[in-house]
Amino acid sequence: MKYFYDLHIHSCLSPCGDMDMTPNNIANMAKLLGLDLIALTDHNTSLNCKATIEVGNEIGLTVIPGMELTTSEDIHAVCLFPTLERALDWNEYVDNNRIKIKNRSEIYGRQVIMNSKDEEIGEIEELLLPATNISIMMAYKKVKEFGGICYPAHIDRDSLSILSVLGEIDENCGFKTAELADKNKEIELKENHPALNNLNIVTNSDAHYLENMKEAQNYLDLPNISPETIIEYLDNKH
């Protein structure tokens, strides 16, 4: 069965995420756009996943807990987990392995934690954008230890992507999937980077604003819509 997805969305907890990106606004916009499943992937944190999952459960939207990891090389990678508990365990690991400098909210914006009623319940004071000490070579293997899946984000972009930093995707990284920001670039990229022919390709919005979220157009053909099934699918070449 076809399920329409967007597996890379930011909330108001991301320093560059708009304050309108609340759990309720994200989940309900996804439903309006015709999406069946989304993943919440804030920069180096998973602390708004709980509220977004709760809203999703109320309105019939599958929400996968995740994170957009910044590796030690300043490469972005999407991390997805089968349960909130696994995501929060990973969140703790990343929190203990990232550079911590005080956020300047007047420049980067606030980093707000919310509950399922869109009420502020906390704020992260250290800027979430800087790199962690987790390398791109170890990201897939380390996330796998926490029961999740990891893949390089927006590989077609000129910055903060594995191709812009390293030039290629080393098969020793272990990735089974890669993400494009623009699906129209897939054929050209595969011609220039043959390693991509051995990977699943997904296309996500990387939305930081509600208007960045896209209508249902990309889908996965799955037997069911559970986070476990989705992660298993992305962890095997199709």
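Does the stretch 111-209 come out rounded, prolate or oblate by the C-alpha gyration tensor, with a ≥ b ≥ c the root eigenvalues, rounded set by a/c under 1.5 and, if not, prolate when a/b is larger than b/c and oblate if not? Before the final figure, lay out the partial values.
Values: a/c = 2.16, a/b = 1.68, b/c = 1.28.
Prolate is the answer for the stretch 111-209, as a/c is 1.5 or above and a/b outweighs b/c.
Note on the stretch 2-234: antiparallel DSSP beta bridges, both residues inside, total approximately 55 percent of the bridges counted. In a fully extended conformation the segment linking residue 138 and residue 225 would gain 28.5 nm over its present Cα-Cα distance, using 0.36 nm per residue.
With a Förster radius of 25 Å applied to the beta-carbon distance between residue 59 and residue 182, the computed FRET efficiency rounds to 0.30. Across the chain, C-alpha contacts under 8 Å between residues 6 or more apart give a mean separation that, scaled by the residue count, equals a relative contact order of 25 percent. Using a Gaussian network model of the chain with C-alpha springs under 10 Å, which one of 80, 32, 196 is most mobile by mean-square fluctuation? Maximum fluctuation in the GNM of the chain, among the listed residues, is at 32.
Modelled this way, with points 7 Å down the Cα-to-C-beta line, the labels at residue 110 and residue 1 are 4.0 nm from one another.
Highest mobility in the GNM of the chain, judged by mean-square fluctuation with C-alpha springs under 10 Å and restricted to 93, 151, 219, is found for 93.
Note on the chain: dipole from Cβ charges, positive end direction compared against 161, 173, 82; the farthest Cα belongs to 173. Within the straight-line cut-off of under 24 Å between alpha carbons, the lysines reachable from residue 176 are 2, 141, 142, 144, 185, 190, 237, sequence neighbours fewer than 8 places apart in one chain being disregarded.
What's the local net charge at residue 165, with K and R +1, D and E -1, over the other residues with C-beta under 11 Å away?
Values: positive: 157; negative: 73, 74, 158, 168.
So the environment of residue 165 carries a net charge of -3.
When the chain is treated as a GNM with alpha-carbon contacts under 10 Å, the residue of 26, 121, 225 showing the greatest mean-square fluctuation is 121.
Pull out a ≥ b ≥ c, the square roots of the eigenvalues of the alpha-carbon gyration tensor of the stretch 17-146, then state rounded if a/c is under 1.5, prolate if not and a/b is larger than b/c, and oblate in the remaining case. Intermediate results must be reported in sequence, preceding the final value.
Values: a/c = 1.99, a/b = 1.29, b/c = 1.54.
Oblate is the answer for the stretch 17-146, as a/c is 1.5 or above yet b/c matches or exceeds a/b.
Spatial offset of the stretch 109-176 relative to the stretch 34-94 amounts to 10 Å, using the alpha carbon center of each. Over the chain, the Kirkwood radius and the radius of gyration, each from Cα atoms, give a ratio Rg/Rh of 0.93.
Rule-based calculations on the coordinates, nothing more; no lab input. Remember, predicted model here, so these are calculated numbers, not experimental data. Every residue, glycine among them, receives a Cβ derived from its backbone with ideal geometry; neighbour counts consider all protein chains shown.
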